[in-house]
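These notes are about the structure you will find just below.
The values are calculated or read from the model by the stated rules, or taken from the named source; none is laboratory data. Values in this document were obtained by computation on a predicted structure and should not be read as measured data. So basically every Cβ, Gly included, is an ideal-geometry build from the backbone, and we count neighbours across all protein chains shown. Just so you know, the surface numbers come from the protein's heavy atoms only, side chains and all, with ligands and any DNA or RNA stripped out. Shrake-Rupley method; radii C 1.70, N 1.55, O 1.52, S 1.80 Å.
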Protein chains: 2
Amino acid sequence: MKKHGILPDVPLLVAVSGGKDSLALWEVLNELGYTTKGLHIDLGIDGFSQPSEEAVDRFASERNLTWTRYSLKEIFGYDLLEIKKRSRRKICSLCGLLKRQLLNRLTIKEGFQVLATGHNLDDEAGRLLGNLVRHRNEYLDKQSPLLPSTHPRLPAKFKPLYRVDAHEIRTYCKLKKIFPLEAKCPLSRGATSHIFKEALNFLETKMPGTKRQFLYSYLDRKKTPLDSLPFGTCKLCGEPTYDDLCSVCNLARHLEENSKKELDSGPA
Amino acid sequence: MKKHGILPDVPLLVAVSGGKDSLALWEVLNELGYTTKGLHIDLGIDGFSQPSEEAVDRFASERNLTWTRYSLKEIFGYDLLEIKKRSRRKICSLCGLLKRQLLNRLTIKEGFQVLATGHNLDDEAGRLLGNLVRHRNEYLDKQSPLLPSTHPRLPAKFKPLYRVDAHEIRTYCKLKKIFPLEAKCPLSRGATSHIFKEALNFLETKMPGTKRQFLYSYLDRKKTPLDSLPFGTCKLCGEPTYDDLCSVCNLARHLEENSKKELDSGPA
């Protein structure tokens with residue numbers, strides 16, 4: 001964290017899902033003396049969102065840590081199951097988009113400049129593999145442990161655990177008596193991110209060291225991640241965007257149109 | 001082949017190992033009316049090189065095709081097992097280096113300008129994945145179905161089967177009554193090229209279409225593969241090289257030194 005210039009005098013908003021990564025991250029930051037506040041988004045997934053929130057609540061209460069809760073339904077108008085019903089796009093991709101965008105906005109709203117997330121080595125290496133295999137160069141440029149703020153309404157984003165793998169984080173949680181929600185999101189079965197992680201784990205088993213070497217040497221060679229495209233402002237909500245509408249307002253409009261179509265065509 | 005400007009009036013030297021890919025390639029080229037000559041290198045691998053050569057001989061005799069045979073031991077001074085004994089470097093990588101270099105030289109020696117090889121979709125996509133995962137940018141630039149000649153002593157290199165996968169080639173061989181050597185090289189167990197192919201096959205199973213999409217969109221976006229580095233000349237053999245010595249002479253010297261050390265230290 002020193003290397004990236006994020007010292008304990010920088011207050012951090014920590015995105016906490018209730019899973020092992022975000023709780024381990026919060027624990028470490030707290031132990032290192034950072035001033036933190038947790039932020040949890042209730043996605044409204046039956047049988048998953050409630051135990052997630054309970055895991056966050058238990059962790060924070062035991063350690064006397066402050067956190068706040070937002071509900072996707074309240075902020076955005078739809079919970080995740082409603083979104084899934086109204087769009088043909090992959091739900092994991094929509095959920096990712098919303099979390100990214102809303103976490104940005106809520107970080108600023110909560111008065112913080114830096115958002116810390118629990119992405120680990122497997123997440124980052126898997127994401128890199130997926131972006132390379134699908135040649136998504138526009139995402140490749142943004143892959144970095146620290147993304148500086150490029151707009152007054154965008155926080156810097158930091159992933160302190162990007163060098164630590166899932167197995168190590170599980171061990172850490174056991175040692176520290178952290179009890180994360182173990183269940184996987186029931187909507188994420190067959191998610192492409194899981195498939196790329198599996199492929200990397202296969203390479204790692206056959207050629208130990210591949211995963212770290214793959215991510216680290218990519219990050220070493222990469223240019224600075226600063227975005228050079230000029231920002232505009234979303235016509236509807238005023239958030240920074242490259243387009244007329246930001247991706248959140250764009251998605252909301254798309255879902256609304258699909259709802260109308262459903263109403264027009266009557267009950268199925 | 002039309003797209004790449006290699007029309008039937010271009011005589012082709014075909015590298016034939018005796019495996020399914022090279023024999024299928026030779027069959028197709030012959031059917032399309034190309035003037036071809038086969039070239040086989042005997043690598044001197046016990047129990048593998050002889051049946052490889054027999055497969056080439058049977059295929060060529062049945063079709064009345066011309067081919068020529070070279071022996072690694074005779075050209076280079078060591079067969080593959082002797083090289084394996086004398087070097088700690090991975091044998092698959094040394095074998096690849098020698099085949100690349102010697103095929104270049106022998107193509108020119110045989111009076112041809114273009115070398116055709118049987119690399120298929122799996123070979124090319126696996127190689128691309130390996131080069132991306134290990135960030136071997138210097139090799140990435142050279143990955144192309146057609147590498148034009150960049151020096152009077154280097155042939156153009158062409159891989160007509162780069163869009164056809166291993167399974168399709170096996171089917172083609174059955175239909176055309178081609179009987180390639182089915183055995184894998186006994187020295188190649190655990191070769192990294194196999195591992196990357198396996199990882200890609202895993203991705204293909206989970207997300208059909210990934211393999212082709214991965215290779216094709218890489219090739220579409222890539223700049224021209226022309227090499228811009230100036231060539232020098234090998235001090236020992238006069239072949240084109242970027243260094244004082246070409247990679248073949250360099251390897252030969254390395255093996256010789258190791259042989260001397262062995263002699264100096266007496267029998268084991």
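The condition of being touching a helix residue (DSSP H, G or I) at 6+ places or on another chain (Cβ under 9 Å), in contact (Cβ under 8 Å) with a residue 60 or more places away in the chain and not aliphatic (A, V, I, L, M) holds for only one of B:Arg127, B:Arg136, that being B:Arg127.
Taking into account only those residues within region A:187-198 that are part of a helix (DSSP H, G or I) and either open to solvent by less than 50 Å² (accessible area, probe 1.4 Å) or at pLDDT 95 or above (or both), which is nearest to A:Ser61 (Cα to Cα)? Top of the filtered list is A:Lys197. Remark: pairs (first residue in region A:24-39, more than 17 Å from A:Tyr162 (Cβ to Cβ) and open to solvent by 10 Å² or more (accessible area, probe 1.4 Å); second residue in a helix (DSSP H, G or I) and at pLDDT 95 or above; Cβ separation under 8 Å; 6+ apart in sequence or on different chains) = A:Asn30/A:Arg63; A:Thr36/A:Trp26; A:Thr36/A:Leu29; A:Thr36/A:Asn30.
Just to be sure I understand, how many residues within region B:134-149 are open to solvent by less than 20 Å² (accessible area, probe 1.4 Å) and farther than 14 Å from B:Tyr218 by Cα?
Going through region B:134-149 one residue at a time, the tally reaches 1.
Filtered by the rule that a residue be part of a helix (DSSP H, G or I), within 14 Å of another protein chain (Cβ to nearest Cβ) and farther than 25 Å from B:Lys2 by Cα, region B:124-157 gives B:Gly126, B:Leu129, B:Gly130, B:Asn131, B:Leu132, B:Val133, B:Asn137, B:Glu138. One residue stands out among those in region B:239-261 that are outside any helix (DSSP H, G or I) and in contact (Cβ under 8 Å) with a residue 24 or more places away in the chain: the one that is surrounded by the most Cβ atoms within 10 Å (Cβ to Cβ), which is B:Cys246. Would you confirm, using the coordinates I've provided, whether B:Asp122 is among the acidic types (Asp, Glu), open to solvent by less than 20 Å² (accessible area, probe 1.4 Å) and farther than 20 Å from B:Thr241 by Cα? Spelling it out, B:Asp122 is indeed among the acidic types (Asp, Glu), open to solvent by less than 20 Å² (accessible area, probe 1.4 Å) and farther than 20 Å from B:Thr241 by Cα. Only one of the numbered conditions (1) of a type outside the set (A, V, I, L, M, F, W, C); (2) out of contact with any Gly (no Cβ under 7 Å at 6 or more places or on another chain); (3) crowded, with 17+ Cβ neighbours inside 10 Å is violated by A:Pro152, and that is (3). Candidates A:Ser17, A:Ser52: the one that is open to solvent by 20 Å² or more (accessible area, probe 1.4 Å) and of a type in the set (Gly, Ala, Ser) is A:Ser17. The residues of region A:162-198 that are more than 20 Å from A:Ser52 (Cα to Cα), of a type in the set (A, V, I, L, M, F, W, C), more than 14 Å from chain B (Cβ to nearest Cβ) and in contact with a helix residue (DSSP H, G or I) (Cβ under 9 Å, 6 or more places away or on another chain) amount to a single one, A:Val164. Could you please let me know if B:Glu82 is loosely packed, with under 14 Cβ neighbours inside 10 Å and either within 17 Å of the chain's Cα centre (by Cα) or of a type in the set (Asp, Glu) (or both)? No; evaluated as a whole, the condition is false for this residue. Residues in region B:173-186 that are part of a loop (DSSP other than H, G, I, E, B) and buried (at least 17 other Cβ atoms within 10 Å of the Cβ): B:Ile178, B:Pro180, B:Leu181, B:Cys185.
Does A:Lys235 count as over 20 Å from A:Leu129 (Cβ atoms), modelled with pLDDT of 95 or more and more than 14 Å from every other protein chain (Cβ to nearest Cβ)? Taking the combined requirement at face value, the residue does not satisfy it. Would you check which residues across region A:105-123 are without any contact (Cβ under 8 Å) to a residue 60 or more places away in the chain and either in contact with a Ser or Thr (Cβ under 8 Å, 6 or more places away or on another chain) or part of a helix (DSSP H, G or I) (or both) and list them? If the condition is that a residue be without any contact (Cβ under 8 Å) to a residue 60 or more places away in the chain and either in contact with a Ser or Thr (Cβ under 8 Å, 6 or more places away or on another chain) or part of a helix (DSSP H, G or I) (or both), then A:Ile108, A:Lys109 are the ones that fit.
Do you know which residues across region B:199-219 are open to solvent by 40 Å² or more (accessible area, probe 1.4 Å) and at the interface with another protein chain (Cβ under 7 Å from one of its Cβ atoms)? Selection gives B:Phe202, B:Lys206.
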